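Here's the structure we're looking at; comments come further down.
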Amino acid sequence: MNEIPAEGRQPDAGTGGTQGAADARDAFAGAVTGTALWQSSPPGSVYDYIRLASFSLGADGLVEQWSRRAEELFGLSARQVVGRDPVEVFVPERHRGDGHRQVAEILDGKEWTGLVPFRMPDAPNAAGDTRGAEGIAEIYVMPSETPEGERGALCLVVDVTDLRRIETDLAASQAIFGQSPFGFLLFGTDLTVQRTNRRFASVFGGTADDHRGRSVHDYLAAPEADRVHTALARVLETGESITDIQITGTEPGSTERRHWSVNLYRVHSGSGRPVGVAGLATDVTRRQRAAREAADARRNLALLNEAGARIGNSLDLETTARELLDVAVPGFCDLASVDLYQGLLTGDEAPPGVTDGSAELRRVAFASAVSDAPLAMPGCVGPGEDPAEITVGSVHRYPSGTPCAKALRTGRARAVNGDEGDLVHSTLAVPMVAHDTVIGLVQFSRTKGSEPFGERDRALATELASRAAVCMDNARLYRREHERALILQRSLLPPGDPEAAGLDIACRYLPGNTATEVGGDWFDVIELPGHRTALVVGDVMGRGLRAAVAMGELRTAVRTLALLDLEPAEVLSALDEIARGLGTPSGAQQASRAAHKSREADLSEVYLATCVYAVYDPVTRRCTFANAGHLPPVVVEPGEEPLLLDVPPGMPLGVGGEPFEEVEVELSEGSLLALYTDGLVESREHPLDEGLRDFRTALSGPVRPLEDVCDHVLTTLDTRHGEDDIALLMARIQGLPAEAVGDWRLPREPRSVGRARELARAQLQSWDLEELVDTTELLVSELVTNALRYGEGEVRLRLLRDRTLVCEVWDAGLVQPRRRRARDTDEGGRGLQLVGLLSAAWGARRTPRGKTVWFELALPDGESPNAAELSVEQLLSMY
């Protein structure tokens, strides 16, 4: 088999021809000795689809050879056909005439190709006939000749049905492949391009044939090409398809990044042998861009929603600035800072320097998600300035002409691009504008690796800055109102440490912090005649400046009513009327009481307040309480557990319609009395019952100085200070010693006047107050004389010595004395005028059994001047 017979071949003329034939022969012989050309055609080749059959005709026109494919095509075996006329064997009877003529022409040496009808094979019937349907075969006839010179023919036969099917499949495949709007590639088993379509070639240039033999590295950058090559190898090896693999690259001659979605699947031959990998690529750049824009829009909406929930929860400027940066970093940018005008932070009405943007600012907040990030953009500082020097808390200026100064001056955001090699490559300088006023500047920055800011980002940054600016401006306005209300509130509280006869007093007042509005808590210690003391603690419901003003009005009213020496219940009743009139427009208080009571008032517009009012008498150590909806007082008797006094609470001030009740309690020497507001014992996380229990526990224990007791209570209780104001008033009962009191009853007779003078002189001498004897005798004589002349019943004289000397004259008459100026012709009527001139103070009050007229003299060693010294002019003015 190393040689091919030379018979039937015509050698080339000349030596060259002989040598060429030899060369060709040698080359062919070398080729056929290789294993590749001697392999059998693998299953699934084109011959399996075409089903090519053959037979040969002899010189007599009869079949000499009949192939197996012919047996399958015509359904006739070689035994049935060989030696017979083929026309008679498989051509239908009506076409046999034409068939015989064609066979004759073929035997004359003429090539012929044409369509020939034939009987399609069918199973024989019961009679043994093989009658079937007709088919059409395409026959290619090649004349042949035997060595003896006899003519014959070799016939190649193909079923036309198979040809048409193959043609249709090829046409459809070519149409789908060539006309597809998607890029198509077919990679061979070596993962190089075997075929592409026009769509792919239109993107990457050239014709489809120009891409044969290329690899993915010819189209994509190394990282992407390696990833796709790995995917191709995996598909070829495993047969598992990969759908929607995302590839990024650029088209030839363009720098725009494109995105493709590629589907990869393995391609097999008809026998199932892998022949390569097919790839279908779709340009999804627009879809990616739309998806990115949609994602940006969703991110922006999420940021705005988060900003609405997180920014402005505090009424503190610095806290609000940090809340803004917590939202922006790292969700929106890599680092950010907030600068506020110094004037805004110091409480000025309007921030200075808003016209040129060069006023002083303070850095109040900074946040970064990147290490070693600068604190300021180089483009926003002046020449020679170091951005690292601008730290949180530092005060600086943005020089005129810098982007930051321009943003502050114009009120519009400015973009600042970093220099080549800078870590920060993009910055937005956004002014914080509230109510058309620039209050500061926010800088949002992005570093390398992040996308530069776009128009959408600028709009979002402006919105974030605006929301924070409004919150900060509200915080500024609140801070200003809070400070004013706090000043007002403090000015209405008792100055210094209050003092009272027979009481050791300590007090604490803790206003709410700047994160809450000022409240209406107050307390007061009021000196009453007879060395008695009124203790008051109250709380106006609500917060803010209006509550502080209402508190001031009620406190003033309490002081006025206390000086009238009314009973505690009467004081609260009068306060209730005043509280109901606080929210009433001017002039409405003149309306009738009936109309006022019948009107259903909106309680949200009425000033409501709670108050407890107590009057303590150091002589008897008895304390009278009246309560208007306030928390009950706490009393700690020596050696006993703290006790909540059962004082009827009554209705809060401002509600009206209900009378107030009084409770009188006798307190032991050394007892502790505590009045307080709800901020001490109640908070959002601390129920009132637990607070009262803890308060009583804090008051128990060994006897300590009163100031220490106050400190211990405040440090022990979980007051949540800052949520509400706290007022605490504590008093330790001391009482006046018996030797400091002189008390006598005088009969209703004229000689009682002299007896009163003697008693007063003796008592003052025992107290070593001889300097006050003459004045006291004179004034006592006047008051006792008036009691005998205008009063009723028994007369009682009482002298009290504490920080001052007090003289009281009691009788059963109800008529109050009235001071008047006597006429020149009157012989009397100058007694009370004389009392007013000689005493430090005097007055009269009602008692359950009549009235009391009193006067007060300063002690010789007292700080106040002695009012007993009268000038001649004052004495003459009485006449």
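Figures for the structure shown
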{"item": "Residue order, fewest to most beta carbons within 10 Å, for Met142, Met472", "result": "Met142, Met472"}
{"item": "Cβ-based net charge around Thr192, under 14 Å, with every Lys or Arg adding one and every Asp or Glu removing one", "result": "-1"}
{"item": "For Gly276, residues with placed amide H under 5 Å, excluding near neighbours", "result": "Val267"}
{"item": "Packing-based exposure ordering (other Cβ within 10 Å, fewest first) of Glu553, Glu690, Glu685", "result": "Glu685, Glu690, Glu553"}
{"item": "Estimated vicinal HN-Hα couplings, Hz - segment 73-86 in sequence order (Karplus 6.51, -1.76, 1.60; Gly, Pro = x)", "result": "6, 9, x, 10, 7, 4, 5, 7, 10, 4, x, 10, 6, x"}
{"item": "Amide H contacts of Trp112 (H built 1.01 Å from N, under 5 Å, at least 5 apart or other chain)", "result": "Val141"}
{"item": "Whole-angstrom gap from segment 655-723 to segment 428-485, using each part's C-alpha centre", "result": "45 Å"}
{"item": "Residues Leu477 and Glu637, FRET efficiency given R0 of 60 Å [Cβ-Cβ distance, rounded to 0.05]", "result": "0.75"}
{"item": "Local electrostatic count, Asp283, Cβ distance below 13 Å [Lys/Arg +1, Asp/Glu -1]", "result": "+4"}
{"item": "Long-range HN-HN contacts of Glu145 with modeled amide H, under 5 Å", "result": "Gly152"}
{"item": "Karplus (6.51, -1.76, 1.60) ³J(HN,Hα), θ = phi - 60°, over segment 200-206, in Hz, Gly and Pro reported as x", "result": "5, 5, 5, 7, 9, x, x"}
{"item": "Whole-Hz ³J(HN,Hα) from phi, Karplus 6.51 cos²θ - 1.76 cosθ + 1.60, for segment 685-697, glycine and proline x", "result": "9, 10, x, 5, 4, 5, x, 5, 5, 5, 5, 5, 5"}
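None of the figures in this text is laboratory data; all of them are computed from the coordinates on show. In this text, all values refer to a predicted model and were calculated from it rather than measured experimentally. Heads up, the Cβs are rebuilt from the backbone with ideal geometry, glycines too, and the neighbour counts pull from every protein chain shown.
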